[in-house]
Amino acid sequence: MNDPHWQQALFTQSAPELGNQYRDDPLLGGWLRRVLPAEVLRDLEPELDELGGVAGGDLYRLQLADRLNEPRLVQWDAWGNRVDTVEVTPLWREAERLTVRHGLVATAYERAYGRHARVAQFAKVYLFHPSSDVYTCPLAMTDGAARTLIESGNQSLVARALPHLASRDPATFWTSGQWMTETTGGSDVGRSQTRAVHEDGEWRLYGRKWFTSAVSAQMALTLARPEGNPPGGKGLAMFYLELRDAAGRLNGLRVDRLKDKLGTRKVPTAELMLEGTRAELVGAPANGTRAIEPMLGVTRMWNSVCAIAFMRRGLALARSYAARREAFGQPLARQSLHADTLAGLEAETWGAFLMTFLLVELHGRMEAGAIDDGQRALLRLLTPLTKLATGKQAVAVTSEVIEGFGGAGYVEDTGLPQLLRDAQVLPIWEGTTNVLSLDALLRSDLQAGLAALMGRVSACVRGLAEPRLAAAGRQAVAAIERAALWLQTGQDPEVLRASARRLALSLGRALQLALLCEHAQWLLEHGGDRRGLAAALRYSRLPVDLMHETDTALDAVLLDPQHA
Ligand SMILES: Cc1cc2nc3c(=O)[nH]c(=O)nc-3n(C[C@H](O)[C@H](O)[C@H](O)COP(=O)(O)OP(=O)(O)OC[C@H]3O[C@@H](n4cnc5c(N)ncnc54)[C@H](O)[C@@H]3O)c2cc1C
């Protein structure tokens, strides 16, 4: 057994490799060519190329090397002072450096690219995210806080915080937290118990915030109930606070512990106790859940971009592995069933990508004042639909990617399991799938949103010359029409609510299919690239219309343990 010749003959599998993540992504490159003016793309491309190289190279290697490091909460110093500092991981420090260098938040506020600023920003974020150990979580909230302060019209807070949030200088860059969830609930935020007390001419907050991600931030936007206000969401107000004073002392708060989580383990998510935290009212002393909505609009968009980025990363790794792993005398890539499995995942990823970047494009238009009423209605409906659809797709795709590696996918030091664990948060935070489905379905402007969605789907299919794409386009139109008809036929309110997720996902999948067809036709006409055609047709064979009859009474029997 100790014979060295025998040991040399032992097979060792080579690991998957990543190349330049921009150059290796024909979907991103093709889509940018389609939507961006040539001069904008020319200006942006060197930076995308650099980021693609870093994300598939040095940053990815650092991520693998940094695997076992986790953030650490230091509550006391040697002299008995309560300090509650959080030491983040080496990769997070590098991610911060890259953030300011590439303006991952700043690009949206500099306006160099006008209505394309969000597309430029999120093309970079899409490349960066999978190698960042979810450093994109604080960035999402930072971006959301900047937008929320701008929308609030509170000029003194904008002047105070925006130069930090959108900074390209590491010495002045701040991240922001978003402290909403309490033990009473993250979905039903109206039950929040945090009190805001007006003492000696300033507001002080008392309460417990139960999930506060990236407590390494310098500021936060939060909700609290001014004393005397009624219960419910309307009685809450939105506050701005900074975590420490100029001397680094904590602002009347305590970090009780960092949560021990399934994934996003590099993100320091804390339980906080507010014990007289000085805070500033951002706007009115009520209607805080409405005031903080711009934050959610932005963070849900980030969530969607992170979802498609994880899907792309999983597929990049799976494809590399399929080319180098052999079974039954052939690389996996040439085994038709393995190839079929990966093709299905590609189709999902293409559909999710096109929906997400439509959302991004509309958001950029809105901020640049280049949006019409229909596009605005579409943006409002697409925000929850895209977040919920892509969150689910990311979990499904990364789960299948893990299986595509066989046992290696289940082994921690390949770095692969982290992909699935981190993806699993995407359908939970920033509104769960059910909560967002209800949000989409019960909103007062649903009809305007649906009309805009149908308009966009019709526009997608109008120019489809390729007969198979035209047939797939008709399938998308039929799914949307069936959902709209179902809504118009006066459903029982319980049935309506119970069906909300199926309805939201059907609308999302129908739009994805229509966008796939549109993009595929463009690719055929611009160089004869058939990848879009393959993605669209493959997607059209997957379930698109998920609506089915709902029997809430019978389902109740299924859930009743006492039923005989
Ligand atoms: C890693 C991580 C980091 C987080 N960071 C932050 C943060 O920085 N700031 C912050 O404010 N929050 C944060 N959160 C909290 C997150 O936003 C909440 O967990 C989420 O909104 C759900 O709230 P909940 O946990 O109270 O679940 P609940 O609201 O109790 O929901 C439980 C289940 O019930 C379902 N449900 C609830 N209401 C309905 C309904 N009406 N109809 C049908 N189904 C329903 C939900 O879909 C869910 O499946 C974080 C969470 C995680 C996991």
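Computed from the coordinates by the stated procedures, all read-outs in this text should not be read as laboratory data. Predicted model, so just to flag it, every value in this text is computed and none were measured. Cβ: placed from backbone, ideal geometry, glycine included. Neighbour counts: every protein chain shown.
Worth pointing out:
- For the range 100-156, the relative contact order is 28 percent, taking Cα pairs closer than 8 Å that sit 6 or more residues apart in sequence and dividing their mean separation by the residue count.
- Three semi-axes of the equivalent ellipsoid, the range 247-336, Cα gyration tensor, whole Å, largest first: 47, 20, 9
- ALA534-ARG168 FRET efficiency (beta carbon distance; Förster radius 25 Å; 0.05 resolution): 0.05
- THR183 long-range amide H proximity, modeled H, under 5 Å: TRP210
- Net lengthening on full extension, GLU202/ARG244 (0.36 nm per residue, minus Cα-Cα): 13.5 nm
- Using only alpha carbons, the range 104-179 has a radius of gyration to Kirkwood radius ratio (Rg to Rh) of 0.96.
- Expected 222 nm ellipticity per residue - DSSP helices of 4 or more, -39500 (n - 2.57), all of the chain, to 500: -17500 deg cm²/dmol
- Å³ per residue enclosed by the Cα convex hull of the range 37-108: 108 Å³
- Label zone at MET273, where the point sits 7 Å out along the Cα-to-Cβ direction: the range 190-215 residues whose backbone N lies under 19 Å: 193-197, 204-213, 215
- Taking every C-alpha pair closer than 8 Å and separated by at least 6 residues, the mean separation divided by the residue count of the chain gives a relative contact order of 12 percent.
- ALA343/GLU17 FRET efficiency (R0 22 Å; Cβ-Cβ; nearest 0.05): 0.55
- At full extension, ALA465 and ALA368 could sit 31.6 nm farther apart than now, given 0.36 nm per residue minus the alpha carbon distance.
- The convex hull around the C-alpha trace of the chain, projected and averaged over every direction, spans 32.7 square nanometres.
- In sequence order, the range 148-165 has phi-based couplings of 5, 5, 4, 5, 5, x, 7, 5, 5, 6, 4, 5, 6, 9, 4, x, 7, 5 Hz under the Karplus curve 6.51 cos²θ - 1.76 cosθ + 1.60, θ = phi - 60°, and Gly or Pro positions carry x.
- Approximate spin-label separation VAL83-ARG42, in nm, with each point projected 7 Å along Cα-to-Cβ: 5.3 nm
- HIS563 versus ASP24: modelled label distance in nm, points set 7 Å from Cα along the beta carbon direction: 4.9 nm
- Extended-chain gain in nm, criterion 0.36 nm per residue less alpha-carbon gap, ARG541 and ARG191: 121.6 nm
- Note, ³J(HN,Hα) from phi for the range 195-210, Karplus 6.51, -1.76, 1.60, rounded to Hz, x at Gly and Pro: 9, 10, 10, 8, 10, 6, x, 9, 8, 10, 10, 10, x, 10, 9, 8
- Across the range 1-79, the mean sequence separation of Cα contacts (distance under 8 Å, 6 or more residues apart), normalised by length, yields a relative contact order of 35 percent.
- Each of LYS259, LYS124 has some number of other Cβ atoms within 10 Å of its Cβ, and from fewest to most they run LYS259, LYS124.
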